[in-house]
Amino acid sequence: MKMIKSLVLGSAAGLIAMGGAQAADLPVKAKAVEYVRICSLYGAGFYYIPGTDTCIKLGGYLRVDTTFNGSGIENAPAWNGNSGQQNRLRNYYISRSRENLNIDTRTATEYGVVRTYFEGVFNWTTGTDAVAAGSLGVYFAFIQFAGFTMGKSVSQFDTPWTNYPGNISDGLVGGSGDVTGVNQLTYTADFGQGVTATISVQDQAAYYQTNLWNTSFPGSTAAAVAAALPAGTYGAASFGGTVSPDIVGMVRVDQAWGLFQASVAAHDNHASYYGATETTGHPSDAWGWAGQLGLSIKNIPTGAGDVINVTAGYSDGASRYIFQSLVPTTYAMYGSTGLAGSYQSLAFAGVSDGVFGAGTSIAKTTAWGFRGAYTHNWNPYWNTSLFGAYAAMSYSATGKALVCANFTAVLTAGSTCNPDFNIAQVGTITRWTPVKNLTFSGEVMYTNLDQKYSGAIATPVIGTKPAAVYELKDQNTVSFAVRAQRNW
């Protein structure tokens, strides 16, 4: 036994000695590599991309929306299509789920910061007049370098709050708004003390033209006119190809008290042909323009964080700068009537940059509008906004004559034709933020379409509406929206 014990202890001692010798031969453990380092140059959330001097920030949100008595787009009123007809084909609610992802990179250089920014969305929408479907979208994709912005970004004409002075609805009229970005080439000069000036050229085709109504379009039979006019379509939409981008200038003062901004834009109206072939000729281009003033007042006495945001604008041949890109260009709303012999009442309207007919020049339209909101914070968790908007569209005497020449085909005796119209909106929204970056919202909005026709109109079958006489009468609607959003 003693011999066995001696052998075991001796073997153990030998193994320990061998282990110590091998350990002495191993290299010293290297210091842990810091693969991700915080980048404090550009604010919270930035990190250095490993192995580079470029900082990156990832962000986004997940949003769930439901709109009741709405139409076509997110949180918009029921002002056209099946929703405007209030028929049994309309959807009483529209819902959308969205995931947003944005990627912001910045690198310090001898010319200043080089920045790239991308923002994309994944959507699933149900309940619109179209078939429910998923979709992908690119909101922003731009490079900023030495004062230049190149790519898809918010129009320099817009204020920082774009379409949302205090609301969540996409259907607010009364000003410009390009929340999903427009392709542009921009230079911004920074004069310090929060004062900047910008000159920009931006693509007009996607978001900044409404309609050029061609009242001499081929196939303009009495039946075709009768079917199109009550939907707010005053002819063929006859834009030609793009010739010139919109030219935008902007001056902004952004300081602790708030913000003031003045914007102006020039817009080229380039029409197609009078008829189906190039031998029919075409009108000359007509340049339009628009201007907008924006004001934001912060730290007002009613409470910490309270703010007032307002804009007011005017356009001549550039109506998208008043009827922003997410509102429709044709309206048709039905309601009840007290006029003997009428089936129902109807208000309809059409937005355009101008009107022309065979052999005429483009008769530009004018529009003006305003919108704004006051937001009050009750406490760190609750706030309420009151908001409103107004937009007016006017056709020139020549434009009225061109539209109304076709309109006689459907007017009843004693009725009058005037395509001018106004839209007024007022609403309120309350938000609850129980924890940081998680907000629940509820919004209600009233919309009134004030049309200028009088009398009654005899129409053929339009959608589910029968061929009948309809009283021409102002219409209104109330929409309600709820939202849950988690930012990250």
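Bear in mind these aren't lab numbers, they're just calculated from the coordinates by the rules spelled out. Note that the structure is predicted; figures quoted are calculated from it, not measured. For neighbour counting, all protein chains shown are included, and Cβ atoms are generated from backbone atoms with ideal geometry for every residue, glycine included.
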Can you give the FRET efficiency for residue 476 and residue 418, using 1/(1 + (r/R0)^6), R0 = 30 Å, r = Cβ-Cβ distance, to the nearest 0.05?
0.95
Charges on Cβ only, +1 for Lys and Arg, -1 for Asp and Glu, centred on the Cα centroid of the chain; of 337, 388, 293, which one is farthest towards the dipole's positive end?
388
In nm, what is the difference between 0.36 nm times the number of residues separating residue 36 and residue 242 and their Cα-Cα distance?
69.5 nm
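Once every DSSP H run of n ≥ 4 in the chain is given -39500 (n - 2.57) and the sum is divided by its residues, what mean residue ellipticity at 222 nm do you get, rounded to the nearest 500 deg cm²/dmol?
Values: 4 runs with 47 residues, N = 488.
Mean residue ellipticity, 222 nm, calculated: -3000 deg cm²/dmol.
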Please report 483, 88 as a ranked list, fewest other C-beta atoms within 10 angstrom at the top and most at the bottom.
88, 483
Once both axes come from the Cα atoms, what is the angle between helix 2-25 and the longest principal axis of the chain, in degrees from 0 to 90, rounded to 10?
50 degrees
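Sort 384-390, 97-103, 154-160 by packing, meaning the average of other beta carbons within 10 Å per residue, with the highest value first.
Details: 384-390: 20.7, 97-103: 16.1, 154-160: 23.0.
Answer by packing, highest mean first, reads 154-160, 384-390, 97-103.
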Roughly speaking, what is the stretch gain from residue 435 to residue 122, that is 0.36 nm per residue apart minus the C-alpha to C-alpha distance, in nm to one decimal?
110.2 nm
With no solvent and one point per C-alpha, what does the Debye sum give as log10 I(q)/I(0) for the chain at q = 0.13 Å⁻¹?
-1.32
Pulled fully out, how much extra length does the chain show between residue 384 and residue 223, if you take 0.36 nm times their separation in residues and subtract their Cα-Cα distance?
53.0 nm
